[in-house]
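**Q** Sharing a structure with you now.
The values are calculated or read from the model by the stated rules, or taken from the named source; none is laboratory data. Note that the coordinates shown come from a computational prediction; the quantities given were computed from them, not determined experimentally. Here the Cβ positions follow ideal geometry from the backbone for every residue, glycine too, while neighbour counts run over all protein chains shown.
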Amino acid sequence: MATRSLLAPKVDIPKPVYSGLGIASVAVILALWCLLSYGGLVRSDFLATPGEVLAAGWERILDGSLWENTRASLTVILLGFLFASILAVPLGILMGSFKAIEAVVEPITGFMRYIPVSALIPLLILWIGIGIEQKIMVIFLGTFFQQLILISDVSSRVSKDLIDCSYTLGATRRQVVWRVLLPACMPGVMDNLRVTMGWAWTYLVVAELVAANSGLGYMILNAMRGLFTDVILLGVFTIGILGLLTDTIFKLLRRWLLPWSADF
């Protein structure tokens, strides 16, 4: 395939070429890692080799600690994200569609979404304690207000002509909301949930910063104290793999639940 075609904007490329480019980019990064670590260009206590990371992973799979830490982190991530989404999706759609609700909610949302979640941890400890509830609340606060503003933007961009045509054809307000507005919003909603799930994973280490005794973030922070870069990289790669899995799940759910949306 001509290079000019590969670099043309908004032009599809064959799937084998697409997959090959993705594999090549990963191979280049892996080769650079091997060169730096095995070649002795970086000290081993600053950058573990791929073999050391694999050995650390295998050791923790055998003793069950990797599974236990992964399970603990997944519990925190999924519960915090679920609670945030259950509230943010309907409220965001209403906020973007009804000006009265926007007037009430937007000032609070605009204020809260700029506050770093880490700055709220001392208050969360005072109000909730140091149990799993505090960690779930960190994920909730880190994603809820971002979801709210993104979903309200999706809802506000639904064409008013589409709504007016529905009324012209005899639809009631309830039918417009359930059979026109919601189907028009859902593709954008799913895309934004997929994006904010990535943000939820980035808050994991923050959530497990205080008084944690399990979780991938705890594993990374504990390894950092001893400068065990193999375990640190193991935790980072595990989070990355889990993030890719959740991203793929959202893509599949979008195609399955929203067959009317063609822009995958």
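**Q** Out of GLU59, GLU68, I need the residue that is part of a helix (DSSP H, G or I) and farther than 14 Å from ASP230 by Cα. Which one?
**A** Values: GLU59 fails: farther than 14 Å from ASP230 by Cα.
GLU68 is the lone residue from the list that is part of a helix (DSSP H, G or I) and farther than 14 Å from ASP230 by Cα.
**Q** Return the pair list, or none, for Cβ contacts closer than 7 Å from residues in region 58-75 that are closer than 11 Å to GLY235 by Cα to residues that are crowded, with 20+ Cβ neighbours inside 10 Å and charged (D, E, K, R), at least 6 apart or on different chains.
**A** Qualifying pairs under 7 Å: LEU66/ARG60.
**Q** Name every residue in region 79-88 that is over 14 Å from GLN134 (Cα atoms) and surrounded by fewer than 22 Cβ atoms within 10 Å (Cβ to Cβ), in order of residue number.
**A** Correct list: LEU82, ILE86, LEU87.
**Q** I'd like the full set of residues that are closer than 30 Å to LEU82 by Cβ and either touching a His at 6+ places or on another chain (Cβ under 7 Å) or among the aromatic types (Phe, Trp, Tyr) (or both), limited to region 133-178.
**A** Those that are closer than 30 Å to LEU82 by Cβ and either touching a His at 6+ places or on another chain (Cβ under 7 Å) or among the aromatic types (Phe, Trp, Tyr) (or both): PHE140, PHE144, PHE145, TRP178.
**Q** Every residue in region 158-216 that is aromatic (Phe, Trp, Tyr), assigned to a helix (DSSP H, G or I) and within 27 Å of ILE115 (Cα to Cα), please. Write out each step before concluding.
**A** Going through region 158-216, the residues aromatic (Phe, Trp, Tyr) turn out to be 167, 178, 199, 201, 203.
Checking which are assigned to a helix (DSSP H, G or I) leaves us with 167, 178, 199, 201.
Those that are aromatic (Phe, Trp, Tyr), assigned to a helix (DSSP H, G or I) and within 27 Å of ILE115 (Cα to Cα): TRP199, TRP201.
**Q** Another question about this same structure. Taking into account only those residues within region 133-166 that are of a type in the set (Ser, Thr, Tyr) and modelled with pLDDT of 85 or more, which is surrounded by the fewest Cβ atoms within 10 Å (Cβ to Cβ)?
**A** Of all residues in region 133-166, those of a type in the set (Ser, Thr, Tyr) come to 143, 152, 155-156, 159, 166.
Now restrict to residues that are modelled with pLDDT of 85 or more: 143, 152, 155-156.
Details: THR143: 27, SER152: 24, SER155: 23, SER156: 16.
Going through the qualifying residues, I end up with SER156.
**Q** Something else about it: Taking the conditions exactly as written (β-branched (Val, Ile, Thr), at pLDDT below 85, out of contact with any His (no Cβ under 9 Å at 6 or more places or on another chain) and not in a helix (DSSP H, G or I)), does ILE130 satisfy them or not? Reasoning before the result, please.
**A** Details: β-branched (Val, Ile, Thr): yes; at pLDDT below 85: yes; out of contact with any His (no Cβ under 9 Å at 6 or more places or on another chain): yes; not in a helix (DSSP H, G or I): yes.
The answer is yes for ILE130.
**Q** Here is a list: SER44, SER37, SER19. Which entry is assigned to a helix (DSSP H, G or I), hydroxyl-bearing (Ser, Thr, Tyr) and either surrounded by 13 or more Cβ atoms within 10 Å (Cβ to Cβ) or more than 27 Å from the chain's Cα centre (by Cα) (or both)? Walk me through it before giving the result.
**A** On the way: SER44 fails: assigned to a helix (DSSP H, G or I); SER19 fails: either surrounded by 13 or more Cβ atoms within 10 Å (Cβ to Cβ) or more than 27 Å from the chain's Cα centre (by Cα) (or both).
It is SER37.
Okay, residues lined up against (1) farther than 29 Å from ALA207 by Cβ; (2) more than 24 Å from the chain's Cα centre (by Cα):
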| position | (1), (2) |
| --- | --- |
| VAL76 | no, no |
| ALA84 | no, no |
| VAL89 | no, no |
| GLY110 | no, no |
| LEU126 | no, yes |
| GLN134 | no, no |
| ASP153 | no, no |
| LEU162 | yes, yes |
| TYR167 | yes, yes |
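**Q** Follow-up. Residues in region 83-116 that are in a helix (DSSP H, G or I), in contact with a helix residue (DSSP H, G or I) (Cβ under 9 Å, 6 or more places away or on another chain) and among the charged types (D, E, K, R): how many?
**A** 2
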